[in-house]
Amino acid sequence: MSAPIALIDCNNYYVSCERAFDASLVGVPVIVLSNNDGCAIARSAEAKALGIRMGAPVHLIRDKIRDHGIRVFSSNYALYGDMQRRVIAAIEPFARDFEIYSIDETFVDFAGFEHLDLVAHAREMSAQVRQWTTIPTCVGIGPTKTLAKLGNAAAKKNPIFEGVADLRDDATRNWVLDRFPVEDVWGVGRATAGKLAALGIHTAGHLRDMAMKQGRGVGTVVLERLIAELRGVPANVVETIEPQRKGMAVTRSFGSPVSDIETLMGAVAQYAMRAGEKLRQHGLVAGRVTIFFHTNPHKLDRPQYTASRTLSAQPMTSDGLALLAYARRGVESAWREGYGITKAGIMLEDLMDADHRPRTLFEDGSGRRGRLMAAMDEVNGRFGKFTAVPATQGFKRAWGARSEMRSPGYTTRIAEVPCVRA
Amino acid sequence: MLETVPVHVAAIELPMLLVSTPAGFPSPAQDDMEEPINLADWLIEHPAASFIMRVEGYSMTGAGITDGDLIIVSRAVKARPGHIVVALVHGDRTLKRLRRREGRLWLVAEADGYPDIIVDEHVETWGVVVGLARKYV
């Protein structure tokens, strides 16, 4: 069996971040709205219980908000980004490596930790995150990312797991898979789920037992890989699944520490181009770009530095060069001399269908950029060269996003730090 | 209101760069410059678990903390009696000294006229004050 992988996922992440600094939000329904205050993208358990759906447009739930006194917040990405840095820092000592999947989900490589009771180890990791940040989490453990994700969902849904589900255990895995609706399996789209239902495949367990060839016929190569991962065979399925609408990340550890900005920029440029490719492949555009990089947290004798910067993309884009330009600005702003950077990445959030994206007045309508993109994609391997790309191309700041109910910059602005009564 | 405030003097090594430079020719020895002192790094040992908060009120002036001060609150340090802590009392953030008296924990002010608060199920110790920052001008 392959090395154990865990997925640690923050519960109702944005709401939990708001609650960290405002105790009056505990125990009451809370929702956080998307960019421009359009729809609910995070809901507390109490709000879910009131039937507020993920992505519910705010103008359709105004009555509910008023009648139940639901507390409503604009998204405060500066806060969520800062809290994420803290969450990751708390996770790091517990893992050999990690891979940020979205702002609130991180895959953790437990290779080398197998001799431990991994459930206890995961509980400790979760407790550390809770202690340092107040953010509650759930953990799923499995031999593949798909099973870790399923384990996470099970841990979240079923209190019997007390926050940690280990699907390496056959009995637990079968128990969970037999109860897990196939349409909720990560990467199974609605159309595929319909076809599977016609074949009598209703649970993740049924899907696991489906012949792989048949799987490829019904779905795509993604479904075939999912079947493999449900059987415990890693098949790189994360890389092929359509990114979730809340975001995706491209990250990598460096073989040796990077201490000059050009090399770092080269790597981040490659991630930006890769992220753009992935968006285009799925017909999506992104509204926010975050870059991050940090030193090796396990080498405490070396100077430590963790940086991240988030920029909003206006217009929303899947253009690798535009993403690169944002990434460049982020890296330039966050760079500090004198540190050996061992990991870097780019994260895209606020994803939506390219066809539905809000148009802006000054959008470049010509096909030139598309052709350029294709050419750039071809030389993707030679990423060092991307550093020569000018950072000023094609994005114009039109107007600020609406965010009328945003909480303070509790952890990012000295004038807005929380007050304590003495 | 003026009060005597205890000041902890910490020894900080101030690196001096004394390199004689021949005019017009940079010395290679100067290349290995040290970073300037970063007060935040010194104040905040555990950035991932530390939060900056602003003090409102005068109940801790006896401990040298007054209205308008910025404090560093760490959640990586376990609160023990004697620590100055940020606690949630019925959900409200308050700054007090944690004390043990006759087997019970109390939140105690360090100024006259503030009642002691017993630590019960309505009180949650949120973090420990590990540092203080103040500007005078």
Original post:
Under a point-charge model restricted to the Cβ atoms of Lys and Arg (+1) and Asp and Glu (-1), what is the dipole moment magnitude of chain A relative to its Cα centre, in debye to the nearest 20?
Top reply: 820 debye
**OP:** Using 0.36 nm per residue of separation minus the Cα-Cα distance, give me the extension gain between residue A:354 and residue A:2 in nm, one decimal.
**Re:** 123.0 nm
Subject >> Proximal charge balance of residue A:107 [Cβ under 11 Å; K/R count +1, D/E count -1] >> reply: -3
Subject >> FRET E, pair residue A:301, residue A:260, Förster distance 30 Å, beta-carbon r, rounded to 0.05 >> reply: 0.90
Original post:
Taking only DSSP H segments of four or more residues, each worth -39500 (n - 2.57), what value at 222 nm results for chain A once the sum is divided by all its residues, to the nearest 500 deg cm²/dmol?
Top reply: -11000 deg cm²/dmol
Subject >> Entries of B:78/B:135; A:246/A:343; A:64/A:145; A:64/B:96; A:48/A:299 with Cα pairs more than 32 Å apart >> reply: A:64/A:145; A:64/B:96; A:48/A:299
**OP:** Extending each Cα 7 Å along its Cβ direction at residue A:220 and residue A:403, get the distance between those two points in nm, one decimal.
**Re:** 3.3 nm
Original post:
At what distance in angstrom do the alpha carbon centres of region A:102-144 and region A:283-337 lie from each other?
Top reply: 25 Å
Subject >> Set of region B:63-94 residues, backbone N closer than 19 Å to the point 7 Å along the Cα-Cβ line of residue A:24 >> reply: B:87-94
**OP:** Could you sort B:35-46, A:267-278 so that the peptide with the highest average Cβ count within 10 Å comes first and the rest follow in order?
**Re:** A:267-278, B:35-46
**OP:** Using DSSP, restrict attention to beta bridges with both residues in the protein assembly as shown and report what percent are antiparallel, rounded to the nearest 5.
**Re:** 85 percent
Subject >> Zone of residue B:80's modelled label, taken as backbone nitrogen in region B:100-137 under 15 Å from a point 7 Å along Cα→Cβ >> reply: B:100, B:128-130
Subject >> Selection from A:143, B:47, A:113, by position along the positive dipole direction of the protein assembly as shown (Cβ) >> reply: A:143
Subject >> Chain lengthening between residue A:115 and residue A:191 when straightened (0.36 nm per residue, less Cα-Cα) >> reply: 23.2 nm
Subject >> Cβ-defined net charge surrounding residue A:226, 13 Å radius [Lys, Arg +1; Asp, Glu -1] >> reply: -1
Original post:
What nm distance separates the two modelled labels at residue A:183 and residue A:59, each placed 7 Å from Cα along Cα→Cβ?
Top reply: 2.8 nm
**OP:** Would you mind computing, in nm to one decimal, how far apart the modelled labels at residue A:209 and residue A:242 are, each placed 7 Å from Cα along Cα→Cβ?
**Re:** 2.9 nm
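FYI, it's all coordinate maths here, none of it is from the lab. Note that the coordinates shown come from a computational prediction; the quantities given were computed from them, not determined experimentally. Cβ: placed from backbone, ideal geometry, glycine included. Neighbour counts: every protein chain shown.
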